[in-house]
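Heads up: the structure comes next, in structure tokens.
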Ligand SMILES: CC(C)(COP(=O)(O)OP(=O)(O)OC[C@H]1O[C@@H](n2cnc3c(N)ncnc32)[C@H](O)[C@@H]1OP(=O)(O)O)[C@@H](O)C(=O)NCCC(=O)NCCS
């Protein structure tokens, strides 16, 4: 386990770090995510994340360093959550502790997460924080994948 975990609002200096996190090929495979180029990344964060008043996003600090981010946003399937931890910080309980803390920031329920069926680490993180399997969904297209939809009632 690492030192302390803190959540704080996202600062512009965090974005290049998040950009590199989502560019990592192994991480993208885990999340069944198509990495964005810089322009697409900047547009997504400006419009859908920081520019979306219904979205709640926090930077995860581990021992004072930017380790990743966690966020929540509404869509037609309910309020969603997602997170991404930089690879050098994996396996230290950071995602689990960040999610547990974030569940005090976003108190709306139910909360949903869509996680690739092969992403055992993320499924475990969600289970440890009380999420339960609801159903499987097949996503078609460029990043075709079977997802687990999990819910915190
Ligand atoms: C998935 C991810 C968030 C996990 O972050 P993390 O900080 O390493 O997670 P934690 O250390 O809190 O917990 C991981 C848990 O999964 C377990 N785990 C790790 N790899 C595993 C594997 N291959 N199979 C099963 N369990 C696994 C760990 O043992 C731990 O469970 P435990 O505490 O019961 O031992 C991180 O790898 C990541 O950001 N990946 C890329 C992006 C992504 O997948 N985001 C989530 C999209 S839904």
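Laboratory data are not the source of any read-out in this text; all were calculated from the coordinates shown. Computed from a predicted structure; not experimentally measured. All Cβ positions, even for glycine, are placed from backbone atoms using ideal geometry, and neighbour counts span all protein chains on display.
The set of residues in the range 103-113 being more than 8 Å from the ligand (Cβ to nearest atom) and under 26 Å from residue 146 (Cα atoms) consists of 103, 109, 110, 111, 112. In the set (1) within 25 Å of residue 148 (Cα to Cα); (2) touching a strand residue (DSSP E or B) at 6+ places or on another chain (Cβ under 7 Å); (3) within 13 Å of the ligand (Cβ to nearest atom), residue 73 fails one condition alone, (3).
For residue 62, the criteria (1) more than 12 Å from the ligand (Cβ to nearest atom); (2) buried (at least 21 other Cβ atoms within 10 Å of the Cβ); (3) over 12 Å from the mean Cα position of the chain (by Cα) hold in every case but one, which is (1). Scanning the range 5-28 for residues that are surrounded by 13 or more Cβ atoms within 10 Å (Cβ to Cβ) and without any contact (Cβ under 8 Å) to a residue 12 or more places away in the chain turns up just one, 28. Among the listed residues 15, 7, which satisfies the condition of being within 18 Å of residue 71 (Cα to Cα) and within 16 Å of the ligand (Cβ to nearest atom)? Unique residue meeting the criteria: 7. Count of the range 90-117 residues, restricted to those that are surrounded by 14 or more Cβ atoms within 10 Å (Cβ to Cβ) and more than 15 Å from the chain's Cα centre (by Cα), is 2. Among the residues of the range 76-89, those that are away from the ligand (no atom under 13 Å from the Cβ) and either buried (at least 16 other Cβ atoms within 10 Å of the Cβ) or touching a residue at least 12 places away in the same chain (Cβ under 8 Å) (or both) comprise 77, 78, 79.
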